[in-house]
Each structure stands twice: as C-alpha cells, then as structure tokens.
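A.B. asks: Here you go, one structure.
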Amino acid sequence: MQDSTDTKPVRASEQLDWDALSRYVRERLSAVLGERFDAGAPLTVEQFHGGHSNLTYLLRFGSQEFVMRRPPFGPVPPKAHDMAREYRVLVAVHPVYTLAPRPFVLCEDESVAGSTFYVMERRHGLVVRSDEPPELADQPAERRRASAALVDALADLHAVDIEAHGLAALGKPAGFVGRQVRGWSERWRASRTTELPEMDALAAWLAERLPHDPQRPTLVHGDFKLDNVMLDALDVGRIVGVFDWEMSAVGDPLVDLGILLCYWVHASTASQRDTVASVTHREGWYTRAQILERYGARTGFDLTNIAFYEVFAVFKLAIVLQQIFYRYTCGQTDDPRFATLDERVAWLARIGATFTEKA
C-alpha cells in the first residue's frame, strides 16, 4: 500500500498465525489470480506502522506483494472495524473509482487470524504523514499541485453517480448526519475515561443544528485526509490511491470535506507535531480557503454551513482518539504512541468549543 520504507517488522504483540494465514490466502489468491500468482513462493510479512487503529500488514509471496487489514486486538466498539463491510465496499467502489484498491480475499473464519480480515492489492507511492518526502520538501509549487490533486480526488469521488452504478445500497442517505451525530455521541459515552464537559456540550450543539439532507447524496469516504491518500512518486500532482474505506457510506458529502479540513488545519497542538496538520501549514500547501474554493468550484455544492461539518469532524476525531486511549488504558494495546492521547482529546474538545462560539 505504501512505499517499502513505510513498513517495519511486525510488533511482538501483533503477531498472527502466519502458517494458517498463508495456507488460507495462498489458496484463494490462486483461485482469483490463477497463473498470475506464484502459489509456491514463500510468505514473508512486515507491518505498516503509520496507522492508529486497524492493523495493516504487507504480505509478500516472493516478488508479489499484497496488503492485509484486520481489526485491532481486544474488544472493539459495536459496528467499528468491520473488515467484511470494508471489503464489500471496495468490491463495489473499485470498478467506478479506481483510486480505491482492488480487494482479492475476504476471510470471516476467525480461527485463521483471530478475526475477520481481507487482502487487497498493494499500491506504491508517497504517503505524507508527519513529515514530507524529498519530492515535496521545500517545494511550494509541488505542494500546491499535491493539494489540488487531493481536493480533486475528493470531488471526483462525490461525482460518482451512485444510482447509475448501483451503489445506493451502501447506505441510507436520509437522516445520515443525524445518525452520525447520535452514533459518535454514544461512542463517546462508552469510551470516556474522565469527565469532559466540552464534549457533552459539542454533542448537544450538533444535535440541535442538524443540516437538511443533501439534494444529491454521494459516496462518502468517511476518513478522507492527506495520509489516507497516496501520491505518485514521479508526479506529486497525481493521486494513485485512496485507502481506509472502513467508514464509507452513502450520505452527505460535506462530512468528508469537514474531515479533510479538520486534519488539514485543526488536528495538531503547539506541542504535538506528529500530525499532517504540522505539514500542511507550510508554504504552498492549500489554505482552508483555497480548499473550499476549489472544492466548491468542482462540485457546485453550497458550503455556507461548512462550520457545522468542521465542528462534527473535530468531535468525531476526538472520539476516535478517545476510543484508542480507552483500549490503551484497558491494556488491550501496548503501543506507546497512545499513552497521551487523552491530552489530544481534551485539546480537540477545546477547539470544538471555540468553533461553536464563532459559529
């Protein structure tokens, strides 16, 4: 999925039964790919360490590479980390939006790897996380091209005709935002480890200001951000992949735009420099206003109520991080990156409260 420099040895606490997995995946890749798959090649495994939630592994059969995704270890919130659903979304979306990777194998037999998992194609390119690759560093013009490509990729996703391609069944657009607000509010209550009045106030603020359903519902990625997108290493003005479709649905496209803006400009603190927001403040990367201008011009959507979607995105991100911190406090993960996520949650809650005052 990412460049080889983005993989590392598998964490000791996240090892699987590789022999059982190899037998299962080898048989099914042979059925799907036929002679294009070297069924006799040995399996080697590395891990993508960039994400904070689902576990993503690089499976290498000889010279052929695939990506495997499974949920994190331990209990997970209801309906979260649904790998079978993500696989089926990719089956439906890949043919009409080819930036979504092609899925190959779904395994719902938990005896193989301890949970449901799926295997998809690997794509190569650049993923920008907390720092820039040489292709972008100190190059404002290239940053502008990458910014434009990212916004265009989102607009292109929202331009897919869900009725013509039979994608309407991926969700229920009526009341979509209301269900999102209620669902994430419930997750907050289930995962909080300390009282945080700002989060309760944000939940109430959002519930009181739900927007009308859009006239034209679209595919919604659900987590569209810079580090879920892959740039062409030879041309950073070209996107070669969009990943992490776990939260995708059919609904209000401005949910995606709010999420993009949240990670782009709101997600880092003065002391926390490990987010994409610590990159996108540099010269050449689009400003918030430029993102809105280009997206609005490409889609024709009314963006006058975008503040609601930005508040919701900050609220949702705070809860995503809180759920991870909750798992850490319960001993369900030992990743040291998660030890201070509660501080980030409190920071995001304050940002959200500031937004509501301005709005």
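A.B. asks: For the range 214-235, give me each residue that is touching a helix residue (DSSP H, G or I) at 6+ places or on another chain (Cβ under 9 Å) and more than 21 Å from residue 260 (Cβ to Cβ).
C.D. replies: Selection gives 235 alone.
A.B. asks: Of the residues in the range 213-229, how many are more than 15 Å from residue 312 (Cβ to Cβ), out of contact with any Asp or Glu (no Cβ under 8 Å at 6 or more places or on another chain) and not β-branched (Val, Ile, Thr)?
C.D. replies: Here the count works out to 5.
A.B. asks: Filtering the range 161-173 down to residues that are surrounded by 17 or more Cβ atoms within 10 Å (Cβ to Cβ) and not small (Gly, Ala, Ser), which residue is farthest from residue 89 (Cα to Cα)?
C.D. replies: Start the filter on the range 161-173 by keeping residues that are surrounded by 17 or more Cβ atoms within 10 Å (Cβ to Cβ), which leaves 162, 167, 170-171, 173.
Next cut, not small (Gly, Ala, Ser) only: 162, 167, 170, 173.
Numbers: 162: 13, 167: 9, 170: 7, 173: 16 Å.
The qualifying residue farthest from residue 89 (Cα to Cα) is 173.
To keep it simple, each residue is scored yes or no on (1) under 18 Å from the mean Cα position of the chain (by Cα); (2) modelled with pLDDT under 85; (3) polar (S, T, N, Q).
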residue: 272; (1), (2), (3): no, yes, yes
residue: 279; (1), (2), (3): yes, no, no
residue: 288; (1), (2), (3): no, no, no
residue: 293; (1), (2), (3): no, no, no
residue: 299; (1), (2), (3): no, no, yes
residue: 305; (1), (2), (3): no, no, yes
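A.B. asks: Name the single residue that is surrounded by the fewest Cβ atoms within 10 Å (Cβ to Cβ) among those in the range 314-332 being of a type in the set (A, V, I, L, M, F, W, C) and at pLDDT below 90.
C.D. replies: Across the range 314-332, the extreme among qualifying residues is 330.
A.B. asks: Right, here's the next one. Which residue pairs have Cβ atoms closer than 9 Å, lie 6 or more positions apart in sequence or on different chains, and pair a first residue in the range 329-357 that is under 22 Å from residue 49 (Cα atoms) with a second residue that is exposed (fewer than 15 other Cβ atoms within 10 Å of the Cβ) and among the charged types (D, E, K, R)?
C.D. replies: 334/11; 335/11; 337/274
A.B. asks: Inspect the range 31-39 for any residue being within 19 Å of residue 109 (Cβ to Cβ) and touching a strand residue (DSSP E or B) at 6+ places or on another chain (Cβ under 6 Å) and give the result as yes or no.
C.D. replies: yes
A.B. asks: State the number of residues belonging to the range 311-359 that are outside any helix (DSSP H, G or I), touching a Pro at 6+ places or on another chain (Cβ under 9 Å) and not hydroxyl-bearing (Ser, Thr, Tyr).
C.D. replies: Number satisfying all stated conditions: 2.
A.B. asks: Looking only at the range 293-315, which residues are free of Cβ contacts under 8 Å to residues at least 24 places away in the same chain and not small (Gly, Ala, Ser)?
C.D. replies: 293, 302, 304
The values are calculated or read from the model by the stated rules, or taken from the named source; none is laboratory data. Just so it is clear, the model here is predicted, and its values are computed rather than measured. Here the Cβ is made from the backbone with ideal geometry for all residues, glycine too, and neighbour counts use every protein chain on show.
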